[in-house]
Amino acid sequence: MSIFSLARTGSVLRRARGGASASALERTGRHRGPRDGEWRWALLFLAPTLIGLAVLSAGPIIATLGLSLTSWDMLEPPTFVGIDNYTNLLGDARFLTALRNTFFYTAVSVPLGLILALGLAMAVNQRIRGISWIRTMYFLPLVTSSTAIAIVWLWMYSPTGLFNNLGSVFGMSPQRWIANPTLALPSIIVMSTWQGLPANVIIFLAGLQGIPSEYYDAVSVDGAGRFARFRYVTVPLLTPSIFFTGILALIGAFQVFDQIYVMANPGKPGGATITLVYFIYETGFRNFHMGLASAASWILFLIVAVFTIIYFRTQNRWVHYQ
Amino acid sequence: MFRVSRVKRAMSLAAIATVFAAGCGSTAVTPSPSPTPVLTAPATGASQVAAASPTLNPAASCGHYTGPAATISYAIWGDTTELANQQKIVDAFMSMNPTIKVNVTVADWDTYWDKLQTSLAGGNAPDVFLMDGPLYPDYQTRNQLLDLTPLITRDGFDTSQLANLGVQDFTASDGHLYGLPRDLSTIALFYNKKMFDAAGISYPDATWNWDKLAQVAGQLTKQVNGQTQWGFYTETTDMENYWSELVWQAGGDIVGADKKTLLIDSDKAAQGIQFLQDLIYKDKVMAQPTPGGTGDLFENGQAAMEADGSWLVPSHIAAGIDFGVAPLPSGPAGQATSVNPSGVVVYKGTKSPDAAWEFVKCYTGPQMQQMVANLKASMPVNKDVLANVYAKSFDGAQTFADALAYAHLKPSFRGYNEFTTALQDELDSNVFNDNSKTAKAALDEVAPQLTKLLGQ
């Protein structure tokens, strides 16, 4: 019996999704959504968020679409310019740099972050003494402010900082981690990956703990080794968690701002690290081109939308919900 | 949000709580309990100031406000220390003008501009707000600021009592003032007396030129107790700290008087910037700059000289550095330095223009300017206070004050930020943080983009 056929059978597997929602699902049997009459309550409880979204997000989002067709500095009345902003952006070297950096950042940081988080989650998913302390430690970056983190990392990356001191022990010549335009973005990726780990680790850890030990027992009886157990039990049963963290990481990476803002701003390594959201901020709020910034926002939105749709389309091929 | 190197004016009045507490005790303005609040005479040097600038029209001086009672808001950038400093100045104002209440709000440099733009767009801006010289045209030309010239005329306010360059910077193209300068910063050469004494080298003075600077900086660059002592330090991330001065000293300029002609791509301008690159990579008398900053190596006792701004005085004092101040070494085309005024401007949509104007007027008057001088963090814009209080307030203050005589205004035009970002990015990447290009090659590279930006 293959592990996949096994996986498709048991309703216990729903628990793999972890947490309260799984048990709630089991109580409601085959029903996937709220029962009749529950909608009213659902809407009531969702109302604060929905109203907030409609007023504070949907309105401005639609407004930026209109503004992206204008030249507007926020202080004088906008003038209609058609699609000029969009065509200008495609010939704007700084925008294209930001676009390239954003893709590079996403392509590297998302897989790197997920793989490291999975490894770490498995490492702390052990029954050893003091494990809750270790887990707490990994959780810390999540509750530390980006600014504080960036200051510490700036020091570690500084010419006389931790990394160069460590490197010198192994005979490595000192690197200019942030100052060197080639190294700057990778250095920031390393920092923000570290910063983003705990959130993913928590989700993976919950997923791992939702995998019933019977499956491991079963494949062990079949003679599966460590790798086989990981490959045929852990990974398939964790795909919902991987899918979920993947989409959050993807969208988050396209929108990266904090780390760039803090690390790149004081004595920026010359545009080498600007990303799309940084470009939007700078263009709109520093350089008085709010129309252009709105157009850039819509290009970013379309990019994120396309990637999200593609990502969801692949879901059926590799995500195992039951 | 955090931002190290924009510090400058963000820090200009800030980061100096201790110094303020120590330095201001002797000369603070004390609100008087008497019905007509008066100023206590300052203990040092400034008694003649109070007597200075006699005026026939009482409306031209502070404390004769007859307009409607009002509450106005005053927004500044800075930190909590700066807020405390400004609050004291505002308290002094309110004791002189009991019918006006002023609420001070502070934000860090970046947040300040975000908030300002959104509040202007929303028609809800602070009545009075702080304005950076280079960014003033962006707001003035967009019709956001109250024209103060009619009020200046009405009250017979004499702008010639303020530093000329400061007034010039806030004079719009129509000849009107849409704000008044509040304080100034100039750039000079700090030197560490102990390091010079230890090496038996005489202190820098007005006779110094570039060659002398490079030569002495070379002598002072050495290993001391296993640590590098650098001969020289400056910040490369903003033209104001040093490189615009070098461009002027070489006989070049950044933009033309029309603010439409690009001049930074000349050989002379490149020569100035090349001198700074050479200090780092050829003479090796200055540590290679790094984004995020190395910290102020002069202030940390790791560099013997620093070309930098008057705003650093309080923190240099607080750090316990025994320093002197000399004029910047002169270049092939002579002496030059940079001056950058901060101003106070009034929102065009204010409901209390009279009270707001009263505050602006008082801020440039002798009483409040004396409090600015006592902070030592920037130079008072009031000529009398500058000459009689500030210039005598610490060893070297006179050098900063005298520098006004040969100072150029920091460039100021609509679109300054976008222009300087493009220029500085190129220089940071290829000339200062790395020497992948010569100054000339980098300037040639970025010139077309800069020309396009000036044409917008």
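Read-outs: derived from the displayed coordinates by stated rules, not from any lab. Only a predicted model underlies this, so the values are computations on that prediction, with no experimental measurement involved. Heads up, the Cβs are rebuilt from the backbone with ideal geometry, glycines too, and the neighbour counts pull from every protein chain shown.
For segment A:121-236, calculate the relative contact order in percent as a whole number, restricting contacts to Cα pairs under 8 Å that are 6 or more residues apart.
Relative contact order comes out at 27 percent.
Suppose we keep just the alpha-carbon trace of chain B; what are its Rg and Dmax in angstrom?
According to the Cα coordinates of chain B, Rg and Dmax are 22.0, 67 Å.
What's the Cα-based Rg to Rh of segment A:174-217, Rh via Kirkwood?
1.36
Evaluate the distance, in nm, between pseudo-label points positioned 7 Å from the Cα of A:Ser213 and of B:Thr451 along their respective Cα→Cβ axes.
Result for the modelled spin labels: 7.6 nm.
Let me know the longest stretch in chain B that avoids all trypsin sites (Lys or Arg not before Pro) found in a DSSP loop with at most 13 other C-beta atoms within 10 Å.
After excluding every exposed loop site, the longest remaining stretch is B:1-259.
Excluding B:Asp265 itself, calculate the net charge of residues whose Cβ lies under 15 Å from the Cβ of B:Asp265, where each Lys or Arg counts +1 and each Asp or Glu counts -1.
Local charge sum for B:Asp265: 0.
I need the fraction of alpha carbon pairs in segment A:168-241 separated by more than 16 Å, rounded to a whole percent.
Within segment A:168-241, distances greater than 16 Å cover 66 percent of Cα pairs.
May I ask for the Rg/Rh ratio of the protein assembly as shown, computed from Cα atoms with Rh as the Kirkwood radius, given to two decimals?
1.03
Against the longest principal axis of chain A, how steep is helix A:93-124, in degrees 0 to 90 to the nearest 10, with axes from Cα atoms?
Tilt of helix A:93-124: around 20 degrees.
Can you pull out the trypsin sites (Lys or Arg not before Pro) in segment A:77-128 whose DSSP state is coil and whose Cβ has at most 13 other Cβ atoms within 10 Å?
A:Arg127
Cβ under 13 Å from B:Ala326's Cβ, B:Ala326 left aside: what net charge do those residues give with Lys, Arg +1 and Asp, Glu -1?
Charge balance near B:Ala326 sits at -3.
Would you mind working out the magnitude of the charge dipole of the protein assembly as shown relative to its Cα centre, with +1 at each Lys and Arg C-beta and -1 at each Asp and Glu C-beta, to the nearest 20 Debye?
Roughly 3220 debye, rounded to the nearest 20.
May I ask you to list the lysines whose Cα is less than 26 Å away from that of B:Lys193, ignoring any residue fewer than eight positions away on the same chain?
Correct list for B:Lys193: B:Lys8, B:Lys212, B:Lys222, B:Lys282, B:Lys284, B:Lys376, B:Lys392.
Let me have the 222 nm mean residue ellipticity of the protein assembly as shown computed from DSSP H runs of 4+ only, each contributing -39500 (n - 2.57), with the sum over all residues rounded to the nearest 500.
About -15000 deg cm²/dmol.
Distance in nm between label sites at B:Thr153 and A:Phe257, each 7 Å beyond Cα in the beta-carbon direction?
For B:Thr153 paired with A:Phe257, the spin-label model returns 4.5 nm.
Once Lys and Arg get +1 and Asp and Glu get -1 on their Cβ, which of B:Phe432, B:Tyr136, B:Gln161 lies farthest toward the positive end of the dipole of chain B?
B:Gln161
Points 7 angstrom from Cα along the Cβ direction at A:Phe244 and A:Ile151: gap in nanometres?
Each label point lies 7 Å from its Cα, and together they span 3.5 nm.
Please compute, over every Cα-Cα pair in segment A:149-286, the percentage with a separation greater than 19 angstrom.
It works out to 64 percent of all Cα pairs.
Would you mind calculating the relative contact order of chain B from Cα pairs under 8 angstrom and at least 6 residues apart, reporting the percent as a whole number?
Once divided by the residue count of chain B, the mean separation gives 24 percent.
Taking a cut-off of 17 Å between Cα atoms, list the lysines near B:Lys115, but don't count ones fewer than 8 places away on the same chain.
Excluding near neighbours in sequence, the set is B:Lys348.
Lysines near B:Lys452 by alpha-carbon distance under 20 Å, same-chain residues fewer than 8 away left out - which ones?
Candidates past the 8-residue exclusion: B:Lys259, B:Lys260, B:Lys440.
Could you grab the relative contact order for chain A? Cα pairs under 8 Å, six or more apart, rounded to a whole percent.
Here the relative contact order equals 31 percent.
How many angstrom separate the Cα center of segment B:418-453 from the Cα center of segment A:232-257?
40
Let's see if you can work this out: charge +1 on each Lys and Arg Cβ, -1 on each Asp and Glu Cβ, no other charges. What is the dipole magnitude of segment B:263-343 about its Cα centre, in debye to the nearest 20?
Computed charge dipole of segment B:263-343: roughly 100 debye.
For the protein assembly as shown, give me the percentage of DSSP beta bridges that are antiparallel, rounded to the nearest 5 percent.
65
How large, in Å, is segment B:320-372 by the Kirkwood hydrodynamic radius built from its alpha-carbon pairs?
By the Kirkwood definition, the hydrodynamic radius is 15.2 Å.
Just to confirm a number: summing +1 for Lys and Arg and -1 for Asp and Glu over residues other than B:Ala217 whose beta-carbon lies under 13 angstrom from that of B:Ala217, what do you get?
0
If you take the Cα Rg of segment B:352-401 and divide it by 2.2 N^0.38 Å, with N the number of residues, what do you get?
1.25
Can you give the FRET efficiency for B:Ser160 and B:His408, using 1/(1 + (r/R0)^6), R0 = 25 Å, r = Cβ-Cβ distance, to the nearest 0.05?
Efficiency at R0 = 25 Å is approximately 0.75.
What is the magnitude of the charge dipole of segment B:140-231 about its Cα centre, with +1 placed on the Cβ of each Lys and Arg, -1 on the Cβ of each Asp and Glu, and no other charges, expressed in debye to the nearest 20?
My answer is approximately 460 debye.
Of B:Gln274, B:Leu246, B:Tyr233, which is farthest on the positive side of the dipole of segment B:232-316, counting Cα position, with +1 on Lys and Arg Cβ, -1 on Asp and Glu Cβ, and the Cα centre as origin?
B:Gln274
How much of the pair distance distribution for segment B:335-456 lies past 17 Å, counting alpha-carbon pairs only, in percent?
Here the tail beyond 17 Å accounts for 70 percent of pairs.
How would segment B:80-188 be classified by its alpha-carbon gyration tensor: rounded, prolate or oblate, with rounded meaning a/c under 1.5 and the a/b versus b/c comparison settling the rest?
rounded
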